[in-house]
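In what follows, a single structure is set out as structure tokens and then discussed.
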Amino acid sequence: MKNLKIAIQKSGRLNEKSVQLLKNCGLNFENYKSSLITTVSNFPLEILFLRDDDIPEYVQDGIADLGIVGENVIAETEAEVRYLQRLGFGKCSLKIAVPNHSDIRELSDLNGKAIATSYPVILQKFLTESRITADIRMISGSVEISPALELSHAIFDIVSTGGTLRSNGLVPFADVMTSEAILISKNGIDSNPVVRELMQRIQSVLRAAETKYVVLNVERDNLNEIISLLPGVKSPTLVPLAEENWVAVHTVISEQDFWEKINKLKAAGAQGIVVMPVEKIII
Ligand SMILES: Nc1ncnc2c1ncn2[C@@H]1O[C@H](COP(=O)(O)OP(=O)(O)OP(=O)(O)O)[C@@H](O)[C@H]1O
Ligand SMILES: O=P(O)(O)OC[C@H]1O[C@H](OP(=O)(O)OP(=O)(O)O)[C@H](O)[C@@H]1O
Ligand SMILES: [Mg+2]
């Protein structure tokens, strides 16, 4: 049987985290910057390193079976692919932004204006839905500079921290979409056993990423209250301590839950709380 192929970004914002995710799934491969394809030595998979713009169509057309790419690029290319898994990295928004002192105040003010973007398809859809007729100027990068060069009245681009907007004297004006990295497949491939195995590994890595292993010490009298605060995978493991009447409680907990509960745990008598990363969670 031929190896499956997965396409990931060759360099850029998603490259490192895509490579790391596959490595965390136990896949061994060389990540030479110069090679465009590499074979995984311990799993029937080849990895293609591509420009992210090409990934949705390569997957749609079956040149690659799977891909990791931003949702914004899938929307822009309008490729027909299946979403297998949201991956939780590459999170950003796509927004229309205008210069600080612009007289554009409401959406209808965009009528007749020029908007610069690298995402003309997504923008056109939004403008059509909002019944706005504007002049879309396609620019492939550094879009934020175009109002200062008097090339456009507004821009439509990716925003994460907002730092690039600020440093170019722009303010967000309208939120159009949010995006994150997605594992995609061509239609009909998700029943393939190799895809299922890879999905299972990816999900166990993602589950672990948002989970912490917690060990804390508590006096037996306070144990029930501590346990009620700690819903573990099933129930916590208890290990008696040398000091009589004290136990160590071992459990896993979502990081979000942990930060919410830490003060309650301390108030309930938890001591010596140690928090450790979890590598994989198989359920
Ligand atoms: N500032 C950001 N914060 C978070 N995610 C981002 C940010 N900028 C981009 N992304 C996400 O990462 C993807 C890749 O961004 P990048 O800037 O590397 O693209 P690119 O320059 O088009 O890369 P390529 O050379 O592969 O065409 C984007 O499509 C988006 O989904
Ligand atoms: O809101 P911020 O955190 O400032 O991020 C937004 C910027 O990030 C991306 O560009 P990137 O830095 O990847 O460079 P690029 O334009 O070369 O793709 C994007 O195109 C924005 O310009
Ligand atoms: Mg690109």
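The values are calculated or read from the model by the stated rules, or taken from the named source; none is laboratory data. From a predicted model like this one, the values you see are computed outputs, not experimental measurements. Methodologically, a virtual Cβ is constructed for each residue, glycine included, from the backbone with ideal geometry; neighbour enumeration extends over all protein chains shown.
Listed values, structure above:
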{"quantity": "Matching residues, region 162-185, being surrounded by 21 or more Cβ atoms within 10 Å (Cβ to Cβ), more than 20 Å from residue 91 (Cβ to Cβ) and within 14 Å of ligand 2 (Cβ to nearest atom)", "calculated": "170"}
{"quantity": "Conditions (1) in contact (Cβ under 8 Å) with a residue 24 or more places away in the chain; (2) crowded, with 19+ Cβ neighbours inside 10 Å; number of the one not met by residue 73", "calculated": "(1)"}
{"quantity": "Count - residues of region 210-245 that are hydrophobic (A, V, I, L, M, F, W, C), over 27 Å from residue 282 (Cα atoms) and surrounded by fewer than 17 Cβ atoms within 10 Å (Cβ to Cβ)", "calculated": "2"}
{"quantity": "Count of region 183-229 residues which are assigned to a loop (DSSP other than H, G, I, E, B) and either more than 30 Å from residue 63 (Cβ to Cβ) or of a type outside the set (A, V, I, L, M) (or both)", "calculated": "7"}
{"quantity": "Sole residue being more than 26 Å from the chain's Cα centre (by Cα) and modelled with pLDDT of 95 or more, chosen from 114, 79, 97", "calculated": "114"}
{"quantity": "Those residues of region 45-71 which are within 10 Å of ligand 3 (Cβ to nearest atom) and either among the polar types (S, T, N, Q) or within 15 Å of the chain's Cα centre (by Cα) (or both), in sequence order", "calculated": "52, 69, 70"}
{"quantity": "Tally of residues being out of contact with any helix residue (DSSP H, G or I) (no Cβ under 8 Å at 6 or more places or on another chain), of a type in the set (Asp, Glu) and buried (at least 19 other Cβ atoms within 10 Å of the Cβ) across region 5-58", "calculated": "1"}
{"quantity": "Count - residues of region 81-112 that are of a type in the set (S, T, N, Q), surrounded by fewer than 14 Cβ atoms within 10 Å (Cβ to Cβ) and either assigned to a helix (DSSP H, G or I) or not assigned by TED's automatic domain parsing to the domain that holds residue 173 (or both)", "calculated": "1"}
{"quantity": "Residue ID - surrounded by the fewest Cβ atoms within 10 Å (Cβ to Cβ), chosen from residues in region 128-161 that are more than 17 Å from residue 176 (Cα to Cα) and hydroxyl-bearing (Ser, Thr, Tyr)", "calculated": "140"}
{"quantity": "Residue under evaluation residue 17, criteria (1) assigned to a loop (DSSP other than H, G, I, E, B); (2) touching a residue at least 24 places away in the same chain (Cβ under 8 Å), criterion not met", "calculated": "(1)"}
{"quantity": "Scan of region 26-50 for residues that are part of a strand (DSSP E or B) and within 11 Å of residue 7 (Cα to Cα), ordered by number", "calculated": "37, 38, 45, 46, 47, 48, 49, 50"}
{"quantity": "Candidate set from region 85-134 (those that are of a type in the set (Ser, Thr, Tyr) and touching a strand residue (DSSP E or B) at 6+ places or on another chain (Cβ under 9 Å)); member that is nearest to residue 197 (Cα to Cα)", "calculated": "93"}
{"quantity": "Region 186-205, subset out of contact with any Lys or Arg (no Cβ under 7 Å at 6 or more places or on another chain) and among the small types (Gly, Ala, Ser), residue surrounded by the fewest Cβ atoms within 10 Å (Cβ to Cβ)", "calculated": "191"}
